[in-house]
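Written below as structure tokens is the structure these notes are about.
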Amino acid sequence: MSAVWRALQTAYEAGERVALATVVGVEGSAPRQGGARMVVWPSGNIVGTIGGGTLEFRVIAQAIEAMREGKPRRYAVNLTRDLGMCCGGAMDVYIEPQRPRDRLVIFGAGHVARAAAVQAHLLGFAVTIVDDRDEWNTAERFPEAHRVLSDARAFARTVASSPSLWVLVTTHEHALDQDLVEVLLPLELAWIGLIGSRTKVTRFAIRLRAAGMDPAQLAHLRSPVGLDIGAETPEEIAVSIAAEWVQRRRQPVS
């Protein structure tokens, strides 16, 4: 496996946003031939090369913009006329933003969590279940998930901001739910949802504002969670939550 493909795989598994730039057309003299590839990170770091110099600088800038928009693009350029290079040829580069593997942390191992984990796995999420109750957080109940038998509050404090991290809070205690939301909401996450009624959410919001939380942070909380499809059973609620995940995924990258 080449360094480029290894970098793509590593970025995917780590939940990192990158773009793949591929030379798809060459006319005349050029620094690289068709098929040359380069992986670009939002920071401008790269693995691989499509030729270096001004050309590469321009393609990196195009790749960063493509990642911001979440859409692929082509960059066609005459190396002499457009870039002042002495090669005399032309190149066409196709730039593809790569979606990282979304990671989902579910706090709680109850009935909705179990059904939601199934839906998340089908949607390609890497799922982690956090619950210290060993009779609930079992391999039999969550065969496709990584299980963490740990205090949820302590685990939440280890979570770092990530644009590919999704969080669902659905524990067995309202006080625990509120504590988790208070820790997690200030983070920059792809999505954070809380199981609960509108009354529960309103009370949480009042308490969190009183504790000094920024209203702009509270606005990121999705609760009641899931699209309104009249769901009642844990399985139906999980489907409504999964539908919201798909809806969020299909929105443009901010």
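Here are a few things to note about the model shown:
- Those residues of the range 135-182 which are surrounded by 14 or more Cβ atoms within 10 Å (Cβ to Cβ) and within 18 Å of the chain's Cα centre (by Cα), in sequence order: 145, 156, 159, 162, 163, 164, 165, 166, 167, 168, 169
- Residue in the range 133-144 that is in the same structural domain as residue 190 (by TED's automatic domain parsing), of a type in the set (Phe, Trp, Tyr) and over 18 Å from residue 162 (Cα atoms) present: yes
- Hey, residue 108 at pLDDT 95 or above and under 22 Å from the mean Cα position of the chain (by Cα) or not: yes
- Strands (runs of 3 or more DSSP E) contained entirely in the range 83-157, each with at least 2 residues that are in contact (Cβ under 8 Å) with a residue 40 or more places away in the chain and closer than 30 Å to residue 29 by Cα: 90-98
- Whether a residue is of a type in the set (A, V, I, L, M, F, W, C) and part of a loop (DSSP other than H, G, I, E, B) was assessed, and residue 160 passes this test.
- Elements of the type helices (runs of 4 or more DSSP H) sitting completely within the range 181-250 and holding at least 2 residues that are within 14 Å of residue 119 (Cβ to Cβ): these cover 234-249.
- Options 36, 63, 19; residue that is touching a Pro at 6+ places or on another chain (Cβ under 6 Å) and within 17 Å of residue 8 (Cα to Cα): 19
This table checks each residue for (1) among the charged types (D, E, K, R); (2) within 28 Å of residue 18 (Cα to Cα).
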position: 136; (1), (2): no, no
position: 140; (1), (2): yes, no
position: 146; (1), (2): no, yes
position: 150; (1), (2): no, no
position: 169; (1), (2): no, no
position: 181; (1), (2): no, no
position: 203; (1), (2): yes, no
position: 227; (1), (2): no, no
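- Residue match in the range 63-74 (condition: under 26 Å from the mean Cα position of the chain (by Cα), under 30 Å from residue 243 (Cβ atoms) and of a type in the set (Gly, Ala, Ser)): yes
- Residue in the range 198-212 that is polar (S, T, N, Q), at negative phi and in contact with a Leu (Cβ under 9 Å, 6 or more places away or on another chain) present: no
- Condition met for residue 74 (on the phi < 0 side of the Ramachandran plot, assigned to a strand (DSSP E or B) and among the charged types (D, E, K, R)): yes
The values are calculated or read from the model by the stated rules, or taken from the named source; none is laboratory data. The shown structure was predicted, so the numbers you read here are calculated from the model rather than taken from an experiment. Positions of Cβ are generated from backbone atoms using ideal geometry, with glycine treated the same way; all protein chains shown enter the neighbour counts.
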